[in-house]
Amino acid sequence: QVHLVESGGGLVQPGGSLRLSCAASGIIFSINAMAWYRQAPGKQRELVAGISSGGTTNYASSVEGRFTISRDSAKKMVYLQMNSLKPEDTAVYYCNLLPPVRTYWGQGTQVTVSS
C-alpha cells in the first residue's frame with residue numbers, strides 16, 4: 001500500500017522560506033520520478049517541480065529560480081525548498097509520482113504566504 005505524507009507547510013510572510021518534505025512508502029522509490037504539485041483555492045492542481053530517478057529536475061516557470069526540488073532515495077524522501085515566497089504561492093502542496101497516480105494523492109500540506 002502506497003503512502004505519501006507531506007509536511008512542512010505553514011504561514012510565512014512574503015519573501016520568506018519554507019522547506020516541504022514528503023515521506024514515501026510502499027513504492028520502489030529509487031526508480032520513480034517524483035514531483036511536487038499544488039492547488040490554490042478555485043484553481044486546478046498544477047505541477048510545481050519534478051525530479052527524475054537520476055536527479056534531473058524541472059520547474060514550472062512561476063517558481064523557477066525560487067524553488068528547489070531534491071530527493072533522498074535512501075530515506076525515500078522528497079523535498080521542496082521554497083525561497084522568496086509570494087502570496088500567489090499560497091496553496092495546498094502535494095507530492096506524487098511524475099506523472100501522478102490518482103490513488104496516491106495524500107492530504108497535502110497548506111502553505112500560506114501573507115503579511
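The values are calculated or read from the model by the stated rules, or taken from the named source; none is laboratory data. Since the structure is predicted, the reported quantities are computational estimates derived from the model, not experimental observations. Ideal geometry is used to build each Cβ from the backbone, glycine not excepted, and the neighbour counts take in all protein chains shown. With ligands, DNA and RNA removed, areas are computed over all heavy atoms of the protein, side chains included. Shrake-Rupley method; radii C 1.70, N 1.55, O 1.52, S 1.80 Å.
Out of (1) open to solvent by less than 40 Å² (accessible area, probe 1.4 Å); (2) in a strand (DSSP E or B); (3) closer than 19 Å to residue 14 by Cβ, what's the single condition that is false for residue 69?
So residue 69 meets the others, but not (3).
Six or more apart or on different chains, Cβ atoms under 6 Å: show the pairs whose first residue is in segment 10-39 and on the phi > 0 side of the Ramachandran plot and assigned to a loop (DSSP other than H, G, I, E, B) and whose second is open to solvent by less than 50 Å² (accessible area, probe 1.4 Å) and among the hydrophobic types (A, V, I, L, M, F, W, C).
Taking only residues 6 or more apart or on different chains, the pairs are 26/2.
Considering only segment 42-63, I want to know if a residue exists there that is under 13 Å from residue 104 (Cα atoms) and surrounded by 13 or more Cβ atoms within 10 Å (Cβ to Cβ). Reasoning before the result, please.
Looking only at segment 42-63, we keep the residues that are under 13 Å from residue 104 (Cα atoms), and these are none.
Within segment 42-63, not a single residue is under 13 Å from residue 104 (Cα atoms) and surrounded by 13 or more Cβ atoms within 10 Å (Cβ to Cβ).
Residue-wise test of (1) open to solvent by less than 20 Å² (accessible area, probe 1.4 Å); (2) at pLDDT 95 or above; (3) basic (Lys, Arg).
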| position | (1), (2), (3) |
| --- | --- |
| 1 | no, no, no |
| 11 | no, yes, no |
| 15 | no, yes, no |
| 22 | yes, yes, no |
| 26 | no, no, no |
| 32 | no, no, no |
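Tell me which residues, restricted to segment 87-115, are under 13 Å from residue 36 (Cβ atoms) and open to solvent by less than 50 Å² (accessible area, probe 1.4 Å).
89, 91, 92, 93, 94, 95, 96, 97, 106, 108, 109, 111
When you check residue 60 against the structure, is it touching a Lys or Arg at 6+ places or on another chain (Cβ under 7 Å) and either at pLDDT 95 or above or not aromatic (Phe, Trp, Tyr) (or both), yes or no? Please lay out each step first, then the result.
Working: touching a Lys or Arg at 6+ places or on another chain (Cβ under 7 Å): no; either at pLDDT 95 or above or not aromatic (Phe, Trp, Tyr) (or both): yes.
Here the answer is no, as residue 60 does not meet what is asked.
Looking at 78, 5, which one is open to solvent by 70 Å² or more (accessible area, probe 1.4 Å), assigned to a strand (DSSP E or B) and either within 18 Å of residue 104 (Cα to Cα) or modelled with pLDDT of 95 or more (or both)? Lay out the reasoning, then the answer.
On the way: 78 fails: open to solvent by 70 Å² or more (accessible area, probe 1.4 Å).
That would be 5, the only listed residue that is open to solvent by 70 Å² or more (accessible area, probe 1.4 Å), assigned to a strand (DSSP E or B) and either within 18 Å of residue 104 (Cα to Cα) or modelled with pLDDT of 95 or more (or both).
Residue 84: part of a loop (DSSP other than H, G, I, E, B), at pLDDT 95 or above, open to solvent by 50 Å² or more (accessible area, probe 1.4 Å) and within 22 Å of residue 42 (Cα to Cα), yes or no? Quick ask: steps written out before the conclusion?
Details: part of a loop (DSSP other than H, G, I, E, B): yes; at pLDDT 95 or above: yes; open to solvent by 50 Å² or more (accessible area, probe 1.4 Å): yes; within 22 Å of residue 42 (Cα to Cα): no.
Against the criterion (part of a loop (DSSP other than H, G, I, E, B), at pLDDT 95 or above, open to solvent by 50 Å² or more (accessible area, probe 1.4 Å) and within 22 Å of residue 42 (Cα to Cα)), residue 84 does not qualify.
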